[in-house]
Amino acid sequence: RTFITGRSAGGAMTAVMLATYPEVFAGGAIIAGLPYRSATSVRQALESMFQVRVRTPSEWGDLVRAASPHRGPWPKVSIWQGGADRVVRPKNAEELLKQWTDVHGLSTRPDRTETVDGYPRHVWLDGRGEEMIESYMIPLMAHGTPIAAADAHAGESYGVPGEYLIEVGISSSYHIARFWGLVDTRRDAVRPPRAPAATMPRQQADLEGGSTGGALPSGGDAGAGRDGRGGLAGMVEGSIRKALTAAGLMRRR
């Protein structure tokens, strides 16, 4: 009856908790995160974010199995990733899927693919036909958590756009809770998305060493701090830039 979720560094920590305390959690959701043991230091974590550490499914799975004496059952895992994420490269989601499908003894090929709120959802089933792993790739979404603040379908609306909370017409929180069996409702599985965010927040362009003059996702300027307005985004941006520069992964400007 215990579940865990996190985004970015929190997503990586979610993978750590699921691997090291699998008996505690019924399920976990990793949003823009990294596989367990893709890094054992800050420098390696930053390298994995950008360069992606690639291993075979069995190599990834062995790392989880070596993390505790637990031998199952394993938690359900939901994986979410933005296809335009330039902070945590989308290929990290592929490595996460290799890790957790191996842990569950499943094929890397999904058992079912469907469309949910206009986006592809891949599902892996256990021998009893129960959903154990799901993945969503939001093609045009940058680094953040997908929300559907203006979702009028069935009167459902979740979240407020802001720093790293990106309006793309699908609520990860709702669908994660549904995957975990915490939501008892029926919805159409096929719906067109509502204007996905086509550009990345400015702080992500800065991390790439450039800037963007395009429109930001709804919710205002996520690049506060770049122009002196401060706020959480500015603090996060500054911390990440310092870490990347110290690790030699970003030039001083």
Unmet criterion (only one of (1) outside any helix (DSSP H, G or I); (2) within 28 Å of Ile170 (Cα to Cα)) for Thr14: (1)
Matching entry among Asp184, Asp188 (being farther than 19 Å from Glu114 by Cα, open to solvent by 10 Å² or more (accessible area, probe 1.4 Å), among the acidic types (Asp, Glu) and at pLDDT below 85): Asp184
Close pairs from region 62-76: first over 18 Å from Gly27 (Cβ atoms), partner among the hydroxyl-bearing types (Ser, Thr, Tyr), Cβ under 9 Å, at least 6 apart: Leu63/Tyr36; Leu63/Ser38
Flag if Ala26 is within 25 Å of Pro69 (Cα to Cα), in contact (Cβ under 8 Å) with a residue 60 or more places away in the chain and over 16 Å from the mean Cα position of the chain (by Cα): yes
Residue list for region 31-45, restricted to those being touching a residue at least 60 places away in the same chain (Cβ under 8 Å), out of contact with any Lys or Arg (no Cβ under 6 Å at 6 or more places or on another chain) and more than 13 Å from Lys98 (Cβ to Cβ): Gly33, Val42, Arg43
Conditions (1) of a type outside the set (A, V, I, L, M); (2) under 22 Å from Leu165 (Cα atoms); (3) touching a residue at least 24 places away in the same chain (Cβ under 8 Å): number failed by Pro120: (3)
Members of region 16-30 that are open to solvent by 10 Å² or more (accessible area, probe 1.4 Å) and either under 18 Å from Lys98 (Cβ atoms) or not hydrophobic (A, V, I, L, M, F, W, C) (or both): Val16, Thr20, Tyr21, Glu23
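The values are calculated or read from the model by the stated rules, or taken from the named source; none is laboratory data. What you see is a predicted model; the values in this text were computed from it and never measured. Note that we place each Cβ from the backbone using ideal geometry, even for glycine, and neighbour counts take in every protein chain shown. In case anyone asks, the SASA skips ligands and DNA or RNA and just uses the protein heavy atoms, side chains included. Shrake-Rupley method; radii C 1.70, N 1.55, O 1.52, S 1.80 Å.
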